[in-house]
Amino acid sequence: MKLDAKIPEGPIQDKWANHKMAMKLVNPANKRKYKVIIIGSGLAGASAAATMGELGYNVDCFCFQDSPRRAHSIAAQGGINAAKNYPGDGDSIYRLFYDTVKGGDFRSREANVYRLAEISNQIIDHCVAQGVPFAREYGGLLANRSFGGAQVSRTFYARGQTGQQLLIGAYQALSRQIAAGTVQMHTRSEMLDVVVDDNTAKGVIVRNLVTGQIESHAADAVVLATGGYGNVFYLSTNAMGCNVTAAYRAYKKGAGFANPCYTQIHPTCIPVSGEHQSKLTLMSESLRNDGRVWVPKELGDKRKPDEIPENERDYYLERKYPSFGNLAPRDIASRSAKEVCDEGRGVGNTGLGVYLDFRDAISRLGEDTISARYGNLFDMYERITAENPYQNPMRIYPAVHYTMGGLWVDYNLMSTIQGLYVIGEANFSDHGANRLGASALMQGLADGYFVLPQTIADYLASLGSDHQRTPIEDQAFVDAEEAVKSQVNTLLNINGRRTVDSFHKELGRIMWENCGMSRTKSGLETAIEEIPRLRQEFWNDVKVNGTADNLNMSLEKAGRVADFLEFGELMCRDALAREESAGGHFRAEHQTSEGEALRNDDDFCHAAVWEYTADDEAPVRHREELDFENIKLATRSYK
Amino acid sequence: MATYKVKIWRQSGPNANGHMERHIVKGIDGDMSFLEMLDHLNEDLEEQGKEPVAFDHDCREGICGACSLVINGQAHGPETTTTCQLHMRSFEEHNVSEIDIEPFRATAFPIIKDCVVDRSGFDRVIQSGGFVSVNTGNAPDANANAIPKPEADTAFDAAACIGCGACVAACKNASAMLFVSAKVSHLAHLPQGDAERRERVHSMVNTMDKEGFGSCTNYGECEAACPKSISTDNIATLNREFIRSKVGPTT
């Protein structure tokens, strides 16, 4: 596997501009001759499909939901970063770049991150022009707030529903193109394989989830905008349908998978309440602007929070990280919560929780101000827990939220398969080992609106004027379709005893225990033994009822869990091979005497890229060395 | 732990006859969400080798708008929230132990299977004009236009619609006026939406009619059922926009 990141020459601030000049263009009359398939309709997919449609390409967009408006980007709450420096507090493109590289614990690619920071401002302009109702000050101008890992206020927001408003903006732009006929939208359609011939993407195999029909679709380029794989843990803040299938099947067709072990555990989620739990709910990081995190100083203190006097409370983030305090980055805040709970100072029935307390903010600013800032989040909290957060502190605990790892892409966002692009959370390039808050929306939209539509033209133009699209009658399509049909039939004919969910839950437990917030060599080795055993049991004993020829949600789930059962092992292998702690990847063997993550820049300043070999063989680990030419490698400190 | 007598709609396909099917669901904790209760039922059905009940759901945080059940006669059940954010304690506290579950019913929302309906009519309404025609890359600076905070807040309140369709399911006429008006009102309150406001309201109302949604007779049931409390004031805004587009000045 050859890994050429294709980073343009020149100083970092000129790379993107130079690259845009160097790339080939497709002339307006020729654009409609090219067909591009986009899988997924979240921020990255919808914005890419809309922009490609506006440019005049012939786009087919697929999503598994009943409408493109439902993709899980919609659940993002807190905000989107941009280097506008409207508050005049010292922000700049360079500072956003710097914060993002540092926040990612020096495991991202500098050139990509700089481009992201550079584009951030255009995203805000474009979204405002679409009618996205961002929060405003009384003077009518846009409001900003601060977020974790930054000392400037650069986060634009729309109450606690920023993801919803940005996604609806992209969805409306996409709808406009659907009406114009440039984009053909296929809802309730799930991609089950990418068709590759001569290491070049030729199209996809899709299952129509309503009729069960397996369809082939040919294209000149394929774009995966299929999100993250947090649901490998069963419980996460992801939507129920989020899955790794598209990315994993592309991996099995030759796309390198980078840093699968980099998972973000978000510090502020509502704690698990019982065995029945189907998903976890995030409480936006923005709450840490006004909420103070604490636990009792005494072990096993069972008093109610308001009975614990001030001097018996440990505001541990403020104590350990005085300059960032409650706004320490997510990985650090999560690990600190785990630490105090492991010590036996956790709160709530399970002892797996810490307080997020608004008492001081309410007495300083009044309940009305707090309600205006976070009202919908407070309501959501009360609905789920039946506790009033205006009167009692919230109880929170870390939960799986985002995955920084993903399919490897070069500077053009192309994977190791020619003509297969990967955008948004599904790729790996911008967040390193830890993503900062309010950066996911920024990256999804940067990729979809501004990067991909430029870089894909260079590839399409290079195909040449005599380029012929591979027809779906070609053997590559026939074989791929056959393989998908055969898997569907196999799943329906096992007729075993265990439900799909029972396997998913068991996998989730293995992953959370061994590849969660803290990882050890022995734990990972155990997981690498247990997962194949579970996988084998799945293929011998799973029970999938119903038929293949209509809406069958068990069958859909079974296919996704089958992929998670392979992918989980890959994650553990990656976590085992990375003998250091970096960002969201914490290996207990590698920590400082104060319990902070200890990087090993000599041996691991690289992205690990996994190449699939065969089902019964270990994958091969390749490296892309990461050069830090602009920001000096340093120990990350938020003290 | 409580036990519930559940009657739920089963229909094997779009053209099949449907019926209510009875189940006893045991071991339900008040902290479980309504959909977790259904997961529990489905897990039982699967273990018995039967097909689970199909229902739409995804984010389970009350924001994606996928979940869509009529529970004891009310769209999204007894509280002002989405089905996924309804918890079983809500039934426990009111000693309700019988639960009837049906799909959102409307001519414009044909049933696909069991409790899953086709709401793509909403997408087509948006496609007919629920957007600002601005291509990527040609926007002015975001702060070029100051928008008074009250206007921005009103636009936001309308933009909070999640497109779930509860308004249609709750309406005696299966009207989509609340949904359509929320988008018209969102964009009408912002300078960015101004250039196309005449065409937009016309086109969206025409599409709404074509899709088979009914007329509005001011019942107000839509607002009561809306999990995001979208106000019927938006319907007044839509009517004003509609008339204005016919008789008002052209600029």
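Once phi is turned into ³J(HN,Hα) by the Karplus curve 6.51 cos²θ - 1.76 cosθ + 1.60 with θ = phi - 60°, what whole-Hz value does each residue of the stretch A:107-115 show in order, with x for glycine and proline?
For the stretch A:107-115, the Karplus-derived couplings read 10, 10, 9, 3, 4, 5, 5, 4, 4 Hz, x marking Gly and Pro.
Taking +1 at the Cβ of each Lys and Arg and -1 at the Cβ of each Asp and Glu, which of A:ILE362, A:ILE124, A:TYR171 sits farthest along the dipole of chain A towards its positive end, judged by Cα position relative to the Cα centre?
So the residue furthest toward the plus end is A:ILE362.
How would B:VAL53, A:VAL232, B:VAL25, A:VAL194 line up from fewest to most surrounding beta-carbon atoms within 10 angstrom?
In order of increasing Cβ crowding within 10 Å: B:VAL25, B:VAL53, A:VAL194, A:VAL232.
So how far apart, in nm, are the two label points at B:MET1 and A:ARG621 if each is 7 Å from Cα heading toward Cβ?
4.5 nm
Is the stretch A:266-400 best put as rounded, prolate or oblate by its Cα gyration tensor, with a ≥ b ≥ c the root eigenvalues, rounded for a/c under 1.5, and otherwise prolate when a/b is larger than b/c, oblate when not?
Note, shape of the stretch A:266-400 comes out rounded.
So how far apart, in nm, are the two label points at A:LEU365 and A:GLN151 if each is 7 Å from Cα heading toward Cβ?
Placing both labels 7 Å along Cα→Cβ, they lie 2.2 nm apart.
Nothing charged except the Cβ atoms of Lys and Arg (+1) and of Asp and Glu (-1): what's the magnitude of the dipole of chain A about its Cα centre? Round to the nearest 20 debye.
The calculated dipole for chain A is roughly 1240 debye.
Name the residues whose placed amide hydrogens come within less than 5 Å of the amide hydrogen of A:ARG599, ignoring near sequence neighbours (fewer than 5 apart) on the same chain.
A:SER581
As an exercise, use a Förster radius of 41 Å and the Cβ-Cβ distance of A:LYS632 and A:LYS24 to find the FRET efficiency, rounded to the nearest 0.05.
The computed FRET efficiency comes out at 0.70.
So if I take the centroid of the Cα atoms in the stretch A:303-353 and the same for the stretch B:119-153, what is the distance between those two points in Å?
Going from one Cα centre to the other spans 42 Å.
Can you tell me how much longer the chain between A:ASN208 and A:LYS521 gets when fully stretched, taken as 0.36 nm per residue apart minus their C-alpha distance, in nm with one decimal?
Fully extending the segment from A:ASN208 to A:LYS521 adds 108.5 nm.
Between B:ASN138 and B:ALA195, 0.36 nm times their residue separation minus their Cα-Cα distance comes to what?
In short, 19.0 nm is gained.
Once phi is turned into ³J(HN,Hα) by the Karplus curve 6.51 cos²θ - 1.76 cosθ + 1.60 with θ = phi - 60°, what whole-Hz value does each residue of the stretch B:236-246 show in order, with x for glycine and proline?
Those phi angles translate into 4, 4, 4, 4, 5, 4, 5, 5, 4, 5, 8 Hz.
Where a Cα-Cα gap under 21 Å defines reach, which lysines qualify for B:LYS5, not counting those fewer than 8 residues away within the same chain?
Qualifying lysines at Cα under 21 Å: B:LYS26, B:LYS50.
Go through the stretch B:180-194 residue by residue and turn each phi into a ³J(HN,Hα) via Karplus (6.51, -1.76, 1.60, θ = phi - 60°); whole Hz please, and just put x for glycine and proline.
Result, rounded to whole Hz: 5, 5, 4, 6, 4, 5, 3, 7, 6, 8, 10, x, 5, x, 5.
Could you give me the radius of gyration and the Dmax of the protein assembly as shown, taking only the C-alpha atoms into account and expressing both in angstrom?
Over the protein assembly as shown's Cα set, Rg and Dmax evaluate to 25.8, 78 Å.
Taking a ≥ b ≥ c as the square roots of the Cα gyration tensor eigenvalues, with a/c under 1.5 meaning rounded and otherwise prolate when a/b beats b/c, else oblate, which class fits the stretch A:507-603?
Prolate shape, in that a/c is at least 1.5 and a/b is the bigger ratio.
Based on DSSP H runs of at least 4 residues, each adding -39500 (n - 2.57), what is the mean residue ellipticity at 222 nm of chain B after dividing by all its residues, to the nearest 500 deg cm²/dmol?
About -10500 deg cm²/dmol.
Could you list A:SER336, B:SER68 in order of exposure, starting from the residue whose Cβ has the fewest other Cβ atoms within 10 Å?
By the 10 Å Cβ count, ascending, the order reads A:SER336, B:SER68.
Pull out the extension gain between A:ASP4 and A:ASN388, defined as 0.36 nm times the separation in residues minus the alpha carbon to alpha carbon distance; nm, one decimal.
Separation in residues times 0.36 nm, less the Cα-Cα distance, equals 132.9 nm.
Which FRET efficiency value, to the nearest 0.05, do you get for A:ASP342 and A:ARG303 by plugging their Cβ-Cβ distance into 1/(1 + (r/R0)^6) with R0 = 25 Å?
0.75
If Lys and Arg each add +1 and Asp and Glu each add -1, what is the summed charge of the other residues whose beta carbon sits under 9 Å from the beta carbon of A:MET394?
-1
Quick check: the distance between the Cα centres of the stretch A:216-233 and the stretch B:206-251, to the nearest angstrom?
The stretch A:216-233 and the stretch B:206-251 have Cα centres separated by 38 Å.
Here is the link list: A:LYS253/A:LYS557; A:LYS320/A:LYS521; A:LYS35/B:LYS113. Which ones come out longer than 24 Å on Cα distance?
A:LYS320/A:LYS521; A:LYS35/B:LYS113
What ranking of A:ARG188, A:ARG313, A:ARG70 emerges when the number of other C-beta atoms within 10 Å of each C-beta is taken as an exposure proxy, fewest first?
Ranked by crowding around the Cβ, least crowded first: A:ARG313, A:ARG188, A:ARG70.
Quick one: of A:LYS102/A:LYS639; A:LYS31/A:LYS252; A:LYS338/A:LYS632; A:LYS2/A:LYS485, which pairs are farther than 23 Å apart, Cα to Cα?
Distance filter (> 23 Å) returns A:LYS31/A:LYS252; A:LYS338/A:LYS632; A:LYS2/A:LYS485.
No lab work stands behind these numbers, since they all come straight from the coordinates. These numbers were taken from a predicted model, which means no experiment stands behind them. Reconstructed Cβ throughout: ideal geometry from the backbone, glycine too, with neighbour counts over all protein chains shown.
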